[in-house]
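**Student:** What follows is a structure written as structure tokens; I'll ask about it next.
The values are calculated or read from the model by the stated rules, or taken from the named source; none is laboratory data. If you're wondering where the values come from, they're calculated on a predicted model, not measured in any experiment. Methodologically, a virtual Cβ is constructed for each residue, glycine included, from the backbone with ideal geometry; neighbour enumeration extends over all protein chains shown.
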């Protein structure tokens with residue numbers, strides 16, 4: 001599925017759409033994405049719960065000659081999200097790009113045994129938080145006549161992984177939400193896509209790697225150990241550069257796509273190739 005408009009015209013018009021919101025921007029993929037977008041000429045609104053982490057990323061962007069401002073907020077809180085998008089519009093300009101990266105792994109264990117509140121909080125951040133950001137940002141995008149949203153998803157939202165019900169269900173819901181939003185927002189010139197970045201060297205995988213076999217299950221324990229031993233984790237910087245390249249081109253004409261890096265490449269020929 002493709003949104004209306006020629007890709008060449010869209011690339012030129014990026015000068016009119018310079019503001020991007022990145023959630024989970026304090027570390028990992030979010031931090032790398034914020035740095036890469038800023039290097040590509042975007043003004044970046046940094047969103048996460050930790051103000052200290054955001055200040056450090058904003059300082060890195062400024063030291064490199066870019067523009068970024070921290071906007072600490074809990075994406076699970078609708079009022080906070082609505083307020084932060086209004087602040088972004090006032091302080092940086094109306095957002096035309098949105099990267100929904102914030103996520104937590106949540107409770108790990110049999111679904112019938114984990115804490116119900118922790119399960120709900122995971123879904124609130126990973127799924128409802130994305131709804132909040134899109135709901136708040138889409139008005140500004142509509143006024144500009146164009147916008148693009150990228151949601152970070154996971155293969156765990158497609159396949160069955162026992163003991164990871166909260167995370168898996170939230171990502172499965174996000175995949176379906178992406179497709180629904182793409183159809184609903186296509187007439188407005190707003191594209192919505194989802195990327196499964198695969199194995200990335202992030203804090204989440206570090207946390208999982210420290211969990212005992214009795215918590216994650218013996219099969220997942222061996223799987224995680226094998227990933228690390230075979231050095232299969234990509235650096236988050238490579239994902240950030242991919243997202244920045246995507247936002248600087250084909251993101252404005254492709255919508256409703258949910259895929260891995262290799263699937264985006266095979267279906268759309270999207271560079272760059274990653275290590």
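**Student:** Just to be sure before I move on: is residue 56 without any contact (Cβ under 8 Å) to a residue 40 or more places away in the chain, within 20 Å of the chain's Cα centre (by Cα) and part of a helix (DSSP H, G or I) in the structure I sent?
**Tutor:** The answer is yes for residue 56.
**Student:** Can you tell me which of (1) at pLDDT below 95; (2) not in a loop (DSSP other than H, G, I, E, B) is the one residue 106 doesn't meet?
**Tutor:** (2)
**Student:** Any residue at all in the range 62-69 that is farther than 28 Å from residue 145 by Cβ and in a helix (DSSP H, G or I)?
**Tutor:** There is at least one residue in the range 62-69 that is farther than 28 Å from residue 145 by Cβ and in a helix (DSSP H, G or I).
**Student:** Separate question: In the range 110-122, which residues are touching a helix residue (DSSP H, G or I) at 6+ places or on another chain (Cβ under 6 Å) and surrounded by fewer than 18 Cβ atoms within 10 Å (Cβ to Cβ)? Break it down stepwise before answering.
**Tutor:** Step one: list which residues in the range 110-122 are touching a helix residue (DSSP H, G or I) at 6+ places or on another chain (Cβ under 6 Å), which gives 111, 119, 122.
Once the filter is applied, which keeps residues that are touching a helix residue (DSSP H, G or I) at 6+ places or on another chain (Cβ under 6 Å) and surrounded by fewer than 18 Cβ atoms within 10 Å (Cβ to Cβ), the range 110-122 yields only 111.
**Student:** Being at pLDDT 50 or above and assigned to a strand (DSSP E or B) is the filter here; which residues of the range 1-40 pass it?
**Tutor:** Result: 19, 20, 21, 22, 23.
**Student:** Select from the range 140-155 the residues that are assigned to a helix (DSSP H, G or I) and touching a strand residue (DSSP E or B) at 6+ places or on another chain (Cβ under 9 Å) and write down the one among them that is surrounded by the fewest Cβ atoms within 10 Å (Cβ to Cβ).
**Tutor:** My answer is 155.
**Student:** Related question: Restricting the range 123-139 to residues that are more than 15 Å from the chain's Cα centre (by Cα) and over 15 Å from residue 77 (Cβ atoms), which is surrounded by the most Cβ atoms within 10 Å (Cβ to Cβ)?
**Tutor:** 138
**Student:** Over 22 Å from residue 134 (Cα atoms) and out of contact with any helix residue (DSSP H, G or I) (no Cβ under 7 Å at 6 or more places or on another chain) - does that describe any residue in the range 66-83?
**Tutor:** Looking for residues that are over 22 Å from residue 134 (Cα atoms) and out of contact with any helix residue (DSSP H, G or I) (no Cβ under 7 Å at 6 or more places or on another chain), one finds none in the range 66-83, hence no.
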